[in-house]
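Here's the structure we're looking at; comments come further down.
The values are calculated or read from the model by the stated rules, or taken from the named source; none is laboratory data. Quick caveat, the model's predicted, so the values are computed rather than measured. Cβ placement follows ideal geometry from the backbone for every residue including glycine, while neighbour counts extend to all protein chains displayed.
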């Protein structure tokens, strides 16, 4: 039927309950995305078979693919629900929570680990304070343009979801972190913490656990050159290791 | 603040990577090349075998440059395989398949090389088996052994060639996407050449 | 480290800047946010942030910036805070520059600037077309640093419920709910800073995020905080209408040279350029919005008769566009499917920003409740009747500095009351009671459907053009909606991340706040900035150069007024068809004529 959208959603009512599937059918509107479908379910939380149920929980904020909140698996592929337009999707549209993070409820997962990892690698520029100290360092525009791309990372977790090395068996921090390390190591004042960052990446869960499957760069919604970052930071840790061995 | 666990996995992994190229990769090149003498017949081939048998410090060389590196690379490789969770059916990207094949060929090679070393070196040491052109040819007449050899040769060629590609990223030699793509093509060519050389050498025993 | 903790509610630009400044003052912070702070609505800001750095050497100055802002605001703004903000702006840019924000640069490596609406100087610093995201991330990184040092504790996934207020109206903390367990928890604090952004979701589809319900502001209002200038809602002229929300098409598109047109008599009609020769496509938002609305609705000249006009960038170099506007072009491409580098975009105005908000003191950002501060879009302070583009990021960040400077003084005299536990229990009880009521709701109404209706009735009557009869009708409709709220039936009784229950709570707040906006609009019989009544088409300084102040009563908002404080810039006619200097002369001539 053209005027309705069919959805199959993997649900889970609490972190420790078992998942189950429910099917829904909602009216189609022009330019509809997956978010709009989920809102329709909230308006009428009834399954396709007419069974009353609870509305599906999901995370979202900006709906413009800049906040990263609404990341989920749609028809088997991890992406943001806001930019997943119904007209481009095969039906029934299958929605599942990300698999690499603990489920909170339904499509909501806890991605705190990503933020914790940003803390581990000191992903910040150590400024002296917010008081006036004049402009920051000059940066050549072409260099700036390259690193601006890295700074668009919205911590959505797509790169981790598809990474075969990011799982419960390893502590691998993943492409997101490596790329942020590249960004902050590039910045003239951020580079003050370069060695600290590289040493973290030379530790458990660091860059050496990358298996070069390069799925990360395929799915990154912001098209961040993640594999370039992995290569670049690979070079940085190689040099750091040599420095540690021969110059200390 | 969360403390970062200090461990040596970085160095283990880098040693694993380095050993794959040096000496194992170099040895593979040498091995494929030397065995290609079989193309010129039994006499030439047996002559080469004699040459290697007469190398001074042979056992030490084999132990240090072949057996130990292979054992370390192979066992740590198994651990790497264990830490991965392939997802190729969901995400069928080219590089993701290469990732999987690298691991599959790695595991195959662990068995293959174990067997290969046993029949060509260990049995010679234990039972005094005379390894020669004739001995090999005799063995390859068994179709199971022959195809097992084919699988082993192709696996070795792939694992080595694709390993070079990963090596170049890991050590920061090819950092950019263009360089990585170019290296990808080059290593595929290397794989094809090595597979050709290896299979041709194998067929040379197939009288 | 101070032994007095402060709660900051909201982790957007204003909340994070406040947090950083408090940490620098040695004040530990509990940062409460419903989303991981990196996902706050500030990420949606695109075009840039204003600061009169005069990077082109054309004589721009903070005073010009100040004058443009006050003039753009149609003079409904206390001038001193605006003046201080504009003076601080260059320092703020430098701070972000030092934090590593990847601002676009010139070939020499200096900051690049572009033009924005309502200003004749290029003074908007930008990072591609995702400036808000970039600034937010920079602050997020610094807050993470303070979190690592133990100065900040982040409470992510916590939803603010109520203030803890004593009998004198002094605030001693708040109640927030862990959404994952639906348990309300007590947060004792020497002061609470709300930085929860705007209320755009009241209008259903807007450029705002789904999280911008205005619920926290409304709760503060219900507990005694004054809400000012609620009727001033900015309608952004160029947005992409969508099925779930309207996506912003940044003013920077016009700042970089984009042109608005429609087809008239078979030819392209660049109506903004024709109507406003001095500013052209870069007139302030209220002006552009009314022009587009007039062309589409009154003249029926929208694209194919629909409510849309063209915004054209396709004549420009696509490499240039990618470098300066990449982010917004991607959004258009992804959500509409056309490439704006090749074809003109189709846009229409959409609710975007609330100039009004919680009333705060000019010097400290403290509300009328001692110990309750408001920072960012949630306060009413800097934008009067119309906000200039790229001033919002500035005001959010600047508020962080204001609160940071004022807080140590406030904390010096702060004392935790002896009966704190009793006060906290009382509020905790209120929250529990409310949620028990919500869980027990078994009527026939659905909260999301009611919200749709709320959005539609507000968008129809409370946006570009306002009529008193429609506004009165709207007040009645809102009362009715409030009544129907009581007959909601709730499908989800779970105590795990029950988004439905939380939304039911928010919806009630949205209806309450909608009434504040509407009543303010009804009583303001003039046209000023974004507030336009055809029945009263002119600005009326004699009667309405004053802030609308709403005070909560159970029977609806009580409206009073407070005069606008003028410091340097006497009100003058607002006419963007001519140069700003012209209007100053016009005002002088008028004065002379009067004498």
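Within the range A:213-236, work out how many residues are under 14 Å from residue A:179 (Cα atoms) and under 21 Å from the mean Cα position of the chain (by Cα).
Initial filter on the range A:213-236 (under 14 Å from residue A:179 (Cα atoms)): A:214, A:216-217, A:220, A:222-236.
This time we only want the ones that are under 21 Å from the mean Cα position of the chain (by Cα), so: A:214, A:216-217, A:220, A:222-233.
So the count comes out to 16.
Kindly indicate the residue of the range C:29-56 that is modelled with pLDDT under 95 and more than 13 Å from every other protein chain (Cβ to nearest Cβ) and also farthest from residue A:116 (Cα to Cα) among those meeting that condition.
Per the criteria, the residue is C:56.
Got at least one residue in the range C:193-216 being over 30 Å from residue C:258 (Cβ atoms), in contact with a helix residue (DSSP H, G or I) (Cβ under 9 Å, 6 or more places away or on another chain) and free of Cβ contacts under 8 Å to residues at least 40 places away in the same chain?
Initial filter on the range C:193-216 (over 30 Å from residue C:258 (Cβ atoms)): C:193-196, C:213-216.
Okay, now just the ones that are also in contact with a helix residue (DSSP H, G or I) (Cβ under 9 Å, 6 or more places away or on another chain), so C:193-196, C:213-216.
Applying the additional criterion that residues be free of Cβ contacts under 8 Å to residues at least 40 places away in the same chain yields none.
No: the range C:193-216 contains no residue that is over 30 Å from residue C:258 (Cβ atoms), in contact with a helix residue (DSSP H, G or I) (Cβ under 9 Å, 6 or more places away or on another chain) and free of Cβ contacts under 8 Å to residues at least 40 places away in the same chain.
Yes/no per residue for (1) in the same structural domain as residue C:161 (by TED's automatic domain parsing); (2) surrounded by fewer than 23 Cβ atoms within 10 Å (Cβ to Cβ); (3) in contact with a helix residue (DSSP H, G or I) (Cβ under 9 Å, 6 or more places away or on another chain):
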{"position": "C:46", "(1), (2), (3)": "yes, no, yes"}
{"position": "C:53", "(1), (2), (3)": "yes, yes, yes"}
{"position": "C:60", "(1), (2), (3)": "yes, yes, no"}
{"position": "C:69", "(1), (2), (3)": "yes, no, yes"}
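Mind listing whichever residues of the range C:123-134 are part of a strand (DSSP E or B) and within 8 Å of chain A (Cβ to nearest Cβ)? Show your work before the answer.
Here is the first cut: in the range C:123-134, the ones part of a strand (DSSP E or B) are C:124-125.
Residues satisfying the conditions do not exist here.
Which ranges mark the strands (runs of 3 or more DSSP E) fully within the range C:282-394 that have 1 or more residues being over 26 Å from residue C:214 (Cα atoms)? Break it down into steps so the answer makes sense when it comes.
Working: elements: C:309-312, C:345-354, C:372-374.
Per the criteria, C:309-312, C:345-354.
Going by the conditions given, is residue A:100 under 20 Å from residue B:91 (Cα atoms) and surrounded by fewer than 24 Cβ atoms within 10 Å (Cβ to Cβ)?
Details: under 20 Å from residue B:91 (Cα atoms): yes; surrounded by fewer than 24 Cβ atoms within 10 Å (Cβ to Cβ): yes.
When the stated conditions are applied, residue A:100 passes them.
Quick check: anything in the range A:220-237 surrounded by fewer than 24 Cβ atoms within 10 Å (Cβ to Cβ), more than 10 Å from chain B (Cβ to nearest Cβ), out of contact with any helix residue (DSSP H, G or I) (no Cβ under 6 Å at 6 or more places or on another chain) and at positive phi?
Yes, the range A:220-237 contains at least one residue that is surrounded by fewer than 24 Cβ atoms within 10 Å (Cβ to Cβ), more than 10 Å from chain B (Cβ to nearest Cβ), out of contact with any helix residue (DSSP H, G or I) (no Cβ under 6 Å at 6 or more places or on another chain) and at positive phi.
Show the residue pairs that are 6+ apart or on different chains and have beta-carbon atoms under 6 Å apart, the first residue being within the range C:446-462 and within 11 Å of chain A (Cβ to nearest Cβ) and at pLDDT 95 or above, the second being part of a helix (DSSP H, G or I) and crowded, with 20+ Cβ neighbours inside 10 Å.
Close Cβ pairs (under 6 Å, with a partner that is part of a helix (DSSP H, G or I) and crowded, with 20+ Cβ neighbours inside 10 Å) amount to C:447/C:503; C:447/C:504; C:447/C:507; C:448/A:42; C:451/C:507.
Output the residues belonging to the range A:54-75 that are more than 7 Å from chain C (Cβ to nearest Cβ) and more than 14 Å from the chain's Cα centre (by Cα). Can you show your working first?
Initial filter on the range A:54-75 (more than 7 Å from chain C (Cβ to nearest Cβ)): A:56, A:58-59, A:70-75.
A:56, A:58, A:74, A:75 - these are the residues of the range A:54-75 that are more than 7 Å from chain C (Cβ to nearest Cβ) and more than 14 Å from the chain's Cα centre (by Cα).
Within the range C:233-257, count every residue that is assigned to a loop (DSSP other than H, G, I, E, B), more than 14 Å from residue C:289 (Cα to Cα) and in contact (Cβ under 8 Å) with a residue 24 or more places away in the chain.
Residues of the range C:233-257 that are assigned to a loop (DSSP other than H, G, I, E, B), as a first pass: C:241-246, C:249-251, C:256-257.
Those still in the list that are more than 14 Å from residue C:289 (Cα to Cα) too: C:241-246, C:256-257.
From what's left, in contact (Cβ under 8 Å) with a residue 24 or more places away in the chain: C:241-242, C:244-246, C:256-257.
Qualifying residue count for the region: 7.
So which residues in the range A:191-217 are within 10 Å of chain B (Cβ to nearest Cβ), surrounded by fewer than 20 Cβ atoms within 10 Å (Cβ to Cβ) and either in contact (Cβ under 8 Å) with a residue 40 or more places away in the chain or in a helix (DSSP H, G or I) (or both)?
A:196, A:199, listed by residue number.
Answer yes or no as to whether residue C:75 is crowded, with 22+ Cβ neighbours inside 10 Å and at negative phi.
No; evaluated as a whole, the condition is false for this residue.
Spot the failing condition for residue A:39; the list is (1) assigned to a loop (DSSP other than H, G, I, E, B); (2) within 7 Å of chain C (Cβ to nearest Cβ), and only one is missed.
(1)
Filter the range C:66-122 for residues that are within 28 Å of residue C:287 (Cβ to Cβ), within 14 Å of chain A (Cβ to nearest Cβ) and in a loop (DSSP other than H, G, I, E, B) and give the result.
C:104, C:112
Answer yes or no as to whether residue B:105 is outside any helix (DSSP H, G or I) and crowded, with 19+ Cβ neighbours inside 10 Å. Step through it out loud before you land on a result.
Details: outside any helix (DSSP H, G or I): no; crowded, with 19+ Cβ neighbours inside 10 Å: yes.
Answer is no for this residue.
Only one of B:27, B:59 is within 19 Å of the chain's Cα centre (by Cα), away from chain A (no Cβ under 14 Å) and over 21 Å from residue B:99 (Cβ atoms). Can you tell me which?
Values: B:59 fails: within 19 Å of the chain's Cα centre (by Cα).
Going through B:27, B:59 in turn, just one is within 19 Å of the chain's Cα centre (by Cα), away from chain A (no Cβ under 14 Å) and over 21 Å from residue B:99 (Cβ atoms): B:27.
Check residue C:384 against each of (1) on the phi < 0 side of the Ramachandran plot; (2) within 19 Å of the chain's Cα centre (by Cα) and name the one condition it does not meet.
Among (1) on the phi < 0 side of the Ramachandran plot; (2) within 19 Å of the chain's Cα centre (by Cα), residue C:384 violates only (1).
Can you find even one residue in the range A:47-62 that is outside any loop (DSSP other than H, G, I, E, B), farther than 12 Å from residue A:7 by Cα and touching a helix residue (DSSP H, G or I) at 6+ places or on another chain (Cβ under 8 Å)? Step through it out loud before you land on a result.
Filtering the range A:47-62 for residues outside any loop (DSSP other than H, G, I, E, B) gives A:52.
Cutting the leftovers down to farther than 12 Å from residue A:7 by Cα gives us A:52.
With the extra rule that they be touching a helix residue (DSSP H, G or I) at 6+ places or on another chain (Cβ under 8 Å), the set shrinks to none.
No, the range A:47-62 has no match at all.
Within the range A:67-76, is even one residue buried (at least 20 other Cβ atoms within 10 Å of the Cβ) and over 30 Å from residue A:171 (Cα atoms)?
No, the conditions are met nowhere in the range A:67-76.
Any residue in the range A:57-80 that is outside the structural domain of residue A:95 (by TED's automatic domain parsing) sitting within a Cβ distance under 8 Å of a residue that is modelled with pLDDT of 95 or more and not in a loop (DSSP other than H, G, I, E, B)? List the pairs, counting only those 6 or more apart or interchain.
none
Would you say residue C:471 is within 21 Å of residue C:216 (Cα to Cα) and either in contact with a strand residue (DSSP E or B) (Cβ under 9 Å, 6 or more places away or on another chain) or touching a residue at least 12 places away in the same chain (Cβ under 8 Å) (or both)?
Working: within 21 Å of residue C:216 (Cα to Cα): no; either in contact with a strand residue (DSSP E or B) (Cβ under 9 Å, 6 or more places away or on another chain) or touching a residue at least 12 places away in the same chain (Cβ under 8 Å) (or both): yes.
No, not satisfied.
So which residues in the range A:1-36 are touching a residue at least 40 places away in the same chain (Cβ under 8 Å), more than 8 Å from chain C (Cβ to nearest Cβ) and outside any loop (DSSP other than H, G, I, E, B), if there are any at all?
A:5, A:6, A:7, A:8, A:9, A:10, A:11, A:23, A:34
Could you pull out the residue among C:583, C:548 that is touching a residue at least 24 places away in the same chain (Cβ under 8 Å), closer than 20 Å to residue C:517 by Cα and either touching a helix residue (DSSP H, G or I) at 6+ places or on another chain (Cβ under 9 Å) or surrounded by 15 or more Cβ atoms within 10 Å (Cβ to Cβ) (or both)? Lay out the reasoning, then the answer.
Working: C:583 fails: closer than 20 Å to residue C:517 by Cα.
Only one candidate qualifies: C:548.
I'd like to know if the range C:281-297 contains one or more residues that are touching a strand residue (DSSP E or B) at 6+ places or on another chain (Cβ under 9 Å), more than 28 Å from residue C:68 (Cα to Cα), surrounded by fewer than 17 Cβ atoms within 10 Å (Cβ to Cβ) and at pLDDT 95 or above.
no
Given B:90, B:102, which one is within 18 Å of residue B:159 (Cβ to Cβ) and within 14 Å of another protein chain (Cβ to nearest Cβ)?
Values: B:90 fails: within 18 Å of residue B:159 (Cβ to Cβ).
The conditions single out B:102.
Considering only residues that are buried (at least 21 other Cβ atoms within 10 Å of the Cβ) and out of contact with any helix residue (DSSP H, G or I) (no Cβ under 7 Å at 6 or more places or on another chain), look in the range C:319-334 and name the one that is nearest to the other protein chains (Cβ to nearest Cβ).
Looking at residues that are buried (at least 21 other Cβ atoms within 10 Å of the Cβ) and out of contact with any helix residue (DSSP H, G or I) (no Cβ under 7 Å at 6 or more places or on another chain), I get C:331.
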